[in-house]
């Protein structure tokens, strides 16, 4: 018998919700630590009706859009320049390496010092966390262009511009979009981490706010919204990726 | 009439004391791939270059294509020195070098897009690409991507791409080198059939002796260390050639001659 993956996934998810809910209802687990699905759903609908949810989502999404947007522009540009010019690559290399391996969250206090508590610091965190991924993926993408294809294009009289538009860019797209997709996750991490400590609105703020008040249900509700947003953003980019990438189905 | 004016027409391709040198990786000196080679190729002939790996046969071909810069000497096409790739030449590569993100038809269109022959619209280019896809027997596969095709079919795309720009000279760099023996023979016969239609000047690099004889009007035999021409053999076998050609006495004699030089 063939089983649809989606069906199995939904079933397992539903089973977990059911176990969770009943474990709390029958008193096996203290709801103070895990809350319960029905209460979380109620909390979500309350937040949605009061406008609190929408407000937090827009604040977080705006920070995400600005920080991630900066990352895309600067990361792609830096990666592309490094891919084109050896000198730029060598100049950027230590930074990329450093940003890649350092625990970037440690930068948070110094950003607070520079930008104060609030939106600019969150944006800086978002940018810092996602830019490396995007720059390195773009660079790797450009470096992995098959030189045989460049030679073939030149044999038909391609100019440098032709090479860029008709060979290098299309060949780089798959790796670059993979970097953009991974960057989304890291940017969201930047938003949430940034908001946890020094914000006045947003989903991360809401998580830490309700956490401080020991309101587990509302805290988990915000957590779920963050997860859903992450999934939606990544899915959106995956859809874009598949459009450009249909030839890569090996 | 003055006797001097009826001498043979100027060769289509002239290679004059050509030397090609590569830098060895990691600065371990240089490698002389082609050393002082002279070669004339007449218009409309099919010339094959045969020799062991490292004899500089591909370097010679790529110099004629304008993709490799000679250390000294020069290549002339129609009397004019070659310094870069040009519309009069098109190359078919051993590794096919197809754009994996382009479909068959768009790969064939690739060279046309780059060269944009005058007065042709985008639609004209597609139409022309379509004709060449058909010519190489890939009708029905227009919208396939290279990874969905067999090696032989991929090289058909490579050949169509080169023919589509309507070059005077077709340069083929071990085009069937990565194909299995049976496909290779098939492709050879089909290439000849296509070539017979308009007899462009063709230069075909291979390390297969039989393939070199089967296709050629003239065989250039090369040797290595340094890469040089050791013999040029004119092949006098009737065209069109078929499988039976390869069993003929003369064919076997050519094979023996080439073996001796290698």
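Each value in this text was obtained by applying a stated rule to the coordinates, not by laboratory testing. Remember, predicted model here, so these are calculated numbers, not experimental data. A quick note on method: Cβ atoms are made from the backbone with ideal geometry, for glycine too, and the neighbour counts reach across all protein chains shown.
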> Over its Cα atoms, what ratio of radius of gyration to 2.2 N^0.38 Å does chain B give?
Replying inline: 1.03
>> At 222 nm, what value in deg cm²/dmol follows for the protein assembly as shown if DSSP H runs of at least 4 each add -39500 (n - 2.57) and the sum is divided by all its residues, to the nearest 500?
In response: -18500 deg cm²/dmol
> Counting alpha carbon pairs within less than 8 Å and at least 6 residues apart, what relative contact order, in whole percent, applies to chain B?
Replying inline: 25
>> Could you sort the peptides A:113-125, B:133-145 by per-residue average Cβ neighbour count (10 Å cutoff), highest mean leading?
In response: A:113-125, B:133-145
> Hey, could you pull the Cα Rg and Dmax for chain A, both in Å?
Replying inline: 22.4, 76
> Between residue B:23 and residue A:100, what is the FRET efficiency for a Förster distance of 25 Å, r being their Cβ-Cβ separation, to the nearest 0.05?
Replying inline: 0.15
> Taking only C-alpha pairs under 8 Å that are 6+ residues apart, what is the relative contact order of region A:6-151 in percent?
Replying inline: 28
>> Just want to confirm a number: the relative contact order over chain A, from Cα pairs under 8 angstrom separated by 6+ residues, in percent.
In response: 24
>> With the cut-off at 1.5 for a/c, could you classify region B:112-203 from its C-alpha gyration tensor as rounded, prolate or oblate?
In response: oblate
> So, in Å, what gap is there between the alpha-carbon centers of region A:94-133 and region A:181-195?
Replying inline: 11
>> Based on alpha-carbon centroids, what's the gap between region A:196-226 and region A:140-156 in Å, whole number please?
In response: 49
>> What do you get for the angle between helix B:151-164 and the principal long axis of chain B? Use alpha-carbon atoms, 0 to 90 degrees, nearest ten.
In response: 90
>> I'd like the mean, over residues of A:140-150, of how many other protein chain beta carbons sit within 10 Å of each residue's own Cβ.
In response: 2
> Where the centre of each part is set by its Cα atoms, how far does region A:50-74 sit from region B:210-262, in angstrom?
Replying inline: 71
> How many Å³ per residue does the convex hull of the Cα positions in the protein assembly as shown occupy?
Replying inline: 237
